[in-house]
Amino acid sequence: MTAHPWVRPYVLTGGRTRGRRHLLVHTLVTGRGYDAAFAARLLPEARALYDRVHSAEESVAELSANCGVSLGVTRVLLSDLAAGDRVAIGSGISPYDPRILERVIDGLRELA
């Protein structure tokens, strides 16, 4: 899901280039209690991210790629959702999180 080509990313984020939280590409994000009424009021890009995090835990980079939303916009929109307590954001401190390493290994096995 991508925005109309004439819509600039700063329009989607209200002119902001950074979110309230610093999100690394490997930071894991999960949904908190899906609210269909809330989802219906979101912009299509935010809605795609909101729906996706409620189906499975994914990293910021995966969400960006799978939803077709630029990484910068993804970070701002996820930060907004987290501020509203709609998503849970992992610490993102260590790139050596065992869950991430297991996902990388699984991905490599699929390629082999």
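Given the condition of a type in the set (Phe, Trp, Tyr), at pLDDT 90 or above and assigned to a loop (DSSP other than H, G, I, E, B), answer yes or no: does some residue in the range 33-46 qualify?
Going through the range 33-46, the residues of a type in the set (Phe, Trp, Tyr) turn out to be 34, 38.
Filter again for at pLDDT 90 or above, leaving 34, 38.
Narrowing the set further to residues that are assigned to a loop (DSSP other than H, G, I, E, B) leaves 34.
Yes, the range 33-46 contains a residue that is of a type in the set (Phe, Trp, Tyr), at pLDDT 90 or above and assigned to a loop (DSSP other than H, G, I, E, B).
Of everything in the range 66-93 that's in a loop (DSSP other than H, G, I, E, B) and among the charged types (D, E, K, R), which residue is nearest to LEU42 (Cα to Cα)? Spell out the reasoning first.
Filtering the range 66-93 down to residues in a loop (DSSP other than H, G, I, E, B) leaves 68-70, 84-86, 90-93.
Retained after the next criterion (residues that are among the charged types (D, E, K, R)): 85-86.
Working: ASP85: 15, ARG86: 12 Å.
Checking each candidate, the answer is ARG86.
Could you check, for the range 81-90, whether at least one of its residues is under 12 Å from VAL25 (Cα atoms), at pLDDT below 90 and over 10 Å from the mean Cα position of the chain (by Cα)?
yes
For the range 92-110, indicate whether the set of residues that are touching a Ser or Thr at 6+ places or on another chain (Cβ under 6 Å), surrounded by fewer than 20 Cβ atoms within 10 Å (Cβ to Cβ) and within 17 Å of ARG32 (Cα to Cα) is non-empty.
First, pick out the residues of the range 92-110 that are touching a Ser or Thr at 6+ places or on another chain (Cβ under 6 Å): 92.
Cutting the leftovers down to surrounded by fewer than 20 Cβ atoms within 10 Å (Cβ to Cβ) gives us 92.
The next check asks that each one be within 17 Å of ARG32 (Cα to Cα); those that pass are none.
Looking for residues that are touching a Ser or Thr at 6+ places or on another chain (Cβ under 6 Å), surrounded by fewer than 20 Cβ atoms within 10 Å (Cβ to Cβ) and within 17 Å of ARG32 (Cα to Cα), one finds none in the range 92-110, hence no.
Can you run down the residue pairs with Cβ atoms below 7 Å, 6 or more apart or on separate chains, where the first is in the range 43-60 and over 15 Å from SER79 (Cα atoms) and the partner is among the hydroxyl-bearing types (Ser, Thr, Tyr) and not in a loop (DSSP other than H, G, I, E, B)?
That search, which allows pairs on different chains as well, returns GLU57/THR30.
The values are calculated or read from the model by the stated rules, or taken from the named source; none is laboratory data. Since the structure is predicted, the reported quantities are computational estimates derived from the model, not experimental observations. Cβ sites come from the backbone with ideal geometry, for glycine too, and all protein chains shown count toward neighbours.
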